[in-house]
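> Here you go, one structure.
The values are calculated or read from the model by the stated rules, or taken from the named source; none is laboratory data. Since we're looking at a predicted model, the values are computed, not measured. Cβ placement follows ideal geometry from the backbone for every residue including glycine, while neighbour counts extend to all protein chains displayed.
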Ligand code: D61
Ligand code: MG
């Protein structure tokens, strides 16, 4: 209800929110797939997927059958790994050992871990991790090798940063590569391996990496205060030292000007990944995969626009309205629409641009590049948007939609009754 209240001043959002929540908008965008959760451990994994991710569970669950189990397990494996990384109560040596050997645990269906701190929100995922490994071992080998390889590389990368702070912009890019770029790379290889996307998607690691960096940098920018309070920081010193003497100073009102300039610097930096994201998304040919990739991206550009030059970021958690999120999700189902969303937020950023910021030039030129690439992507969209295939519409109509299942059910029952009476009739004399 508070979400509805927050959108009261935005009538179109309010309309979208009500449509989404009460008039089947959610089910149309995230169709309930024929139940794939046919083992107790897969049902448990689905429970953990929904519980550990508000933002990714809906798009993952709407994926086609070829990908849904592999990507659910990929998510849970990395969420488990991230729970180890994020736990500041763990002994550092143990943490290092766990992170670097986590990929081996995937082949041990008995392995669990109950040593996470009591306040770790996903500690019970590790306590019951055998449900994840059991389902991991049930996946096709071609998926297992991708997941285990990414888990190994991410774990080693996270271990590298246990004692290392993010000093340079190179460190920042490297850390984001480990925790999110590798997710993009792994996902792309899973897409290609499933046959739902071309080989090209899985081979171009640079574009896949950018998809992850754009999402992770947006999180890091937005979570400034939350991370600071938890005693860790991902804003690179090379950037923040241009604007202040201590990163935590930005939270105090006297250092607000420096804090905002630093924030704007990081927003301009994150926007550099957008052209790669356009190229990446323009290659996707399967509707459910497109939605899965595009929805987080449009949330990220909306979040960057909200964060830009916004002192609230330095003082409390900021979040886009639920109504905005729902409107964006509903729209982000074609490349043309996704590009429009990016252009619209880029114009907003352009109009807010602080001309006195040292990075104003950088922001402007990055936005200009985005506008140019958006033009090119739109011509691409005109040719490809209607080629994308929605595997499930036909299947779903047959399997799930009551408007089909009820009449089909009645017809089948009638047919059965007809054959029954014919074949059980007494033979004619
Ligand atoms: C297309 C679609 C989705 C994509 C993508 C391309 C490329 C990359 C990503 C998703 C990953 C984006 C990560 C952004 C959110 N950041 C985090 O969750 C941080 O942890 C990073 C390490 C664990 C990554 C787990 C993950 C996330 C999303 C997935 C996935 C795995 C697998 C499949 C699909 C989506 C962050 O977490 C903070 C938190 O707990 O809230 C942190 O610790 O910094
Ligand atoms: Mg983490």
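> Any idea which of (1) under 27 Å from residue 324 (Cα atoms); (2) assigned to a helix (DSSP H, G or I); (3) modelled with pLDDT of 90 or more is the one residue 21 doesn't satisfy?
(3)
> One residue is enough: does segment 181-195 have a residue meeting the conditions under 16 Å from residue 267 (Cα atoms) and near ligand 1 (Cβ under 10 Å from one of its atoms)?
For segment 181-195, residues under 16 Å from residue 267 (Cα atoms) and near ligand 1 (Cβ under 10 Å from one of its atoms): absent.
> Of the residues 61, 79, which is within 13 Å of ligand 1 (Cβ to nearest atom), within 30 Å of residue 333 (Cβ to Cβ), outside the structural domain of residue 234 (by TED's automatic domain parsing) and without any contact (Cβ under 8 Å) to a residue 40 or more places away in the chain?
Every option except 61 fails the conditions.
> Quick one: in segment 40-56, of everything that is within 16 Å of ligand 2 (Cβ to nearest atom) and closer than 19 Å to residue 129 by Cα, which residue is surrounded by the most Cβ atoms within 10 Å (Cβ to Cβ)?
In this case the residue turns out to be 52.
> Without any contact (Cβ under 8 Å) to a residue 12 or more places away in the chain, buried (at least 16 other Cβ atoms within 10 Å of the Cβ), assigned to a helix (DSSP H, G or I) and assigned by TED's automatic domain parsing to the domain that holds residue 288: which single residue out of 192, 188 fits that description?
192
> Can residue 333 be described as assigned by TED's automatic domain parsing to the domain that holds residue 285, modelled with pLDDT of 95 or more and under 22 Å from the mean Cα position of the chain (by Cα)?
It is false that residue 333 is assigned by TED's automatic domain parsing to the domain that holds residue 285, modelled with pLDDT of 95 or more and under 22 Å from the mean Cα position of the chain (by Cα).
> Let me ask another. What pairs can you find where one residue is in segment 147-175 and free of Cβ contacts under 8 Å to residues at least 24 places away in the same chain, the other is assigned to a loop (DSSP other than H, G, I, E, B) and within 14 Å of ligand 1 (Cβ to nearest atom), and their Cβ atoms are less than 9 Å apart, with a gap of 6+ or different chains?
174/161; 174/166
Residue-wise test of (1) over 19 Å from the mean Cα position of the chain (by Cα); (2) farther than 17 Å from residue 292 by Cβ; (3) part of a loop (DSSP other than H, G, I, E, B).
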| position | (1), (2), (3) |
| --- | --- |
| 26 | no, no, no |
| 41 | yes, yes, no |
| 45 | no, yes, no |
| 51 | no, yes, no |
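> Further question: Looking at (1) within 21 Å of residue 92 (Cα to Cα); (2) within 9 Å of ligand 1 (Cβ to nearest atom), can you tell me which one residue 161 breaks?
Result: residue 161 passes all but (2).
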